[in-house]
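K.L.:
Handing you a structure now.
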Amino acid sequence: MKTVRLLGLSFFLFASALSCTDHAPDPTEFSSVEFSKGALRAPIAITKGDNNRLWVTEQGSATENNDTYDGQVSLIGPDGTVYPAITGFLSTSSEEKMPSGLTHLLYKDGMLYILHGVEGRLYKANVSSWNPGDTPLKATDLAFEELGSFSIAQLKDTTDAHSNLYNLAWGPEGDLFITDAATNLIIRRKSDGSKSLFTTFEDFDNPKKPMGGMTVDFVPTGIAWDGSKFYVTSLTGFPFNEGLAEIKIVDHMGNVSEHKKGFTTLVDVELTDSNKPLAVHFAPFSSSFMFEPNKGKISSEDGTVVLGGINMPTDIVKVYTNTYYVVSLGNSKVYKLTY
């Protein structure tokens with residue numbers, strides 16, 4: 001019996017040691033190095049696939065009054081080489097005269113789920129047998145679902161309404177939960193393709209009124225599920241008030257509650273090993289009505305800056321315990337972050 005007890009104790013200590021090495025402390029300061037080789041075309045989002053492959057959406061090269069069809073999804077190899085994987089997505093110009101089109105994407109079981117904000121579509125691509133160097137798939141050949149019109153139909157007033165499907169996350173029952181940054185709501189999409197309104201977000205009082213109106217839109221952007229609740233970040237609408245963005249919590253029933261306030265122009269959220277949110281700040285909005293370059297940052301939920309001086313970051317993904325990747329729209333690159 002003593003031998004059995006000793007063996008049991010030894011196993012417990014060994015398992016405890018393994019659990020300690022599996023979960024490093026959360027990041028307090030990142031080191032950053034350029035990862036992607038060559039400039040991407042207005043990259044916006046990144047996700048992890050099998051074997052830690054990195055898939056990136058590129059919005060393309062559209063300019064004001066000049067739509068193009070060079071939006072694409074690319075795969076980034078382990079050495080940073082970029083391989084076009086799906087080409088021919090619509091690229092158009094936003095109100096800020098920047099390329100717009102593709103937004104975020106997710107990978108699961110050989111499939112990419114890709115949002116196109118302008119078209120209001122969820123594209124689905126089977127990339128299970130696609131490898132770097134293969135002929136790119138064509139966007140026109142992909143299956144898609146119309147979600148933008150459904151999102152708009154949830155509004156009380158649809159006059160001049162538009163949709164901007166922005167981000168997505170897997171949640172309860174393996175369903176997709178999709179933020180719409182224009183209609184200020186989250187869509188729940190089941191595996192059979194059926195969809196429903198999950199929750200909505202109320203406007204804020206505008207402290208800079210009358211500039212921008214009496215209220216400011218929440219503008220939901222990032223979304224992350226920790227197994228029991230969602231963390232959702234807000235960009236906020238014009239005039240992008242400093243300190244007005246926040247991280248909210250949404251439970252599995254769609255109930256919204258406060259979490260952390262005092263942020264500015266949040267565009268994404270990623271969870272650490274301990275399920276704590278890391279928030280991505282895009283940029284301050286200057287008095288000259290421009291987003292300021294090289295002032296984006298990543299911070300913890302208490303506001304501690306983990307990495308600053310990023311040029312308009314838009315997305316972050318954790319690949320390993322100590323390794324994350326961040327997309328810089330301003331520099332058209334992906335950076336590797338370690339700690």
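The values are calculated or read from the model by the stated rules, or taken from the named source; none is laboratory data. Predicted model only: the values in this text are computed from it and were never measured. Virtual Cβ from ideal backbone geometry, glycine too; neighbours counted across all protein chains shown.
K.L.:
Of all the residues that make up region 193-207, how many are in a loop (DSSP other than H, G, I, E, B) and of a type outside the set (A, V, I, L, M, F, W, C)? It would help to see each step written out before you state the result.
P.N.:
Here is the first cut: in region 193-207, the residues in a loop (DSSP other than H, G, I, E, B) are 193-194, 201-203, 206-207.
Imposing the further condition that a residue be of a type outside the set (A, V, I, L, M, F, W, C) reduces the set to 193-194, 202-203, 206-207.
The qualifying residues number 6.
K.L.:
May I pose another question? Out of all the residues in region 319-329, is one or more assigned to a loop (DSSP other than H, G, I, E, B), buried (at least 23 other Cβ atoms within 10 Å of the Cβ) and touching a Ser or Thr at 6+ places or on another chain (Cβ under 6 Å)? Show your work before the answer.
P.N.:
Let us first name the residues in region 319-329 that are assigned to a loop (DSSP other than H, G, I, E, B), namely 321-322, 329.
Now restrict to residues that are buried (at least 23 other Cβ atoms within 10 Å of the Cβ): 329.
Next, from what is left, pick out any that are touching a Ser or Thr at 6+ places or on another chain (Cβ under 6 Å): 329.
Checked region 319-329: at least one residue is assigned to a loop (DSSP other than H, G, I, E, B), buried (at least 23 other Cβ atoms within 10 Å of the Cβ) and touching a Ser or Thr at 6+ places or on another chain (Cβ under 6 Å).
K.L.:
Hey, among the residues in region 208-267 that are of a type in the set (Asp, Glu) and farther than 19 Å from Asp302 by Cα, which one's modelled with the lowest pLDDT?
P.N.:
In the first step, residues of region 208-267 are kept if they are of a type in the set (Asp, Glu); the result is 217, 226, 242, 246, 251, 258.
From the residues that got through so far, the ones that are farther than 19 Å from Asp302 by Cα too are 217, 251.
Working: Asp217: 95, Asp251: 98.
My answer is Asp217.
K.L.:
Taking only pairs six or more apart or across chains, which ones have beta-carbon atoms under 6 Å, a first residue in region 32-53 that is hydrophobic (A, V, I, L, M, F, W, C), and a second residue that is surrounded by 12 or more Cβ atoms within 10 Å (Cβ to Cβ) and modelled with pLDDT under 95?
P.N.:
Taking only residues 6 or more apart or on different chains, the pairs are Ala42/Pro99.
K.L.:
Sticking with this one: Taking into account only those residues within region 110-148 that are more than 16 Å from Leu90 (Cβ to Cβ) and hydrophobic (A, V, I, L, M, F, W, C), which is nearest to the chain's Cα centre (by Cα)?
P.N.:
Leu112
Yes or no, residue by residue, for (1) outside any loop (DSSP other than H, G, I, E, B); (2) in contact (Cβ under 8 Å) with a residue 24 or more places away in the chain; (3) surrounded by fewer than 14 Cβ atoms within 10 Å (Cβ to Cβ); (4) of a type in the set (A, V, I, L, M):
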residue	(1), (2), (3), (4)
Leu168	yes, yes, no, yes
Glu173	yes, no, yes, no
Ile187	yes, yes, no, yes
Lys209	no, no, yes, no
Thr221	yes, yes, no, no
Phe238	no, yes, no, no
Ile249	yes, no, no, yes
Met253	no, no, yes, yes
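K.L.:
Please go through region 105-143 and pick out each residue that is surrounded by 18 or more Cβ atoms within 10 Å (Cβ to Cβ), out of contact with any helix residue (DSSP H, G or I) (no Cβ under 8 Å at 6 or more places or on another chain), assigned to a strand (DSSP E or B) and not small (Gly, Ala, Ser).
P.N.:
Within region 105-143, Leu105, Leu106, Leu112, Tyr113, Ile114, Leu115, His116, Leu122, Leu137 meet the criteria.
K.L.:
Would you mind telling me which numbered condition in (1) touching a Gly at 6+ places or on another chain (Cβ under 9 Å); (2) part of a loop (DSSP other than H, G, I, E, B); (3) within 18 Å of Thr272 (Cβ to Cβ); (4) not hydrophobic (A, V, I, L, M, F, W, C) Asp302 fails?
P.N.:
It is condition (1) that Asp302 fails.
Rundown of residues vs (1) under 30 Å from Ser274 (Cβ atoms); (2) in contact with a strand residue (DSSP E or B) (Cβ under 9 Å, 6 or more places away or on another chain), yes/no style:
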residue: Ser151; (1), (2): no, yes
residue: Phe177; (1), (2): yes, yes
residue: Gly213; (1), (2): no, no
residue: Gly237; (1), (2): no, yes
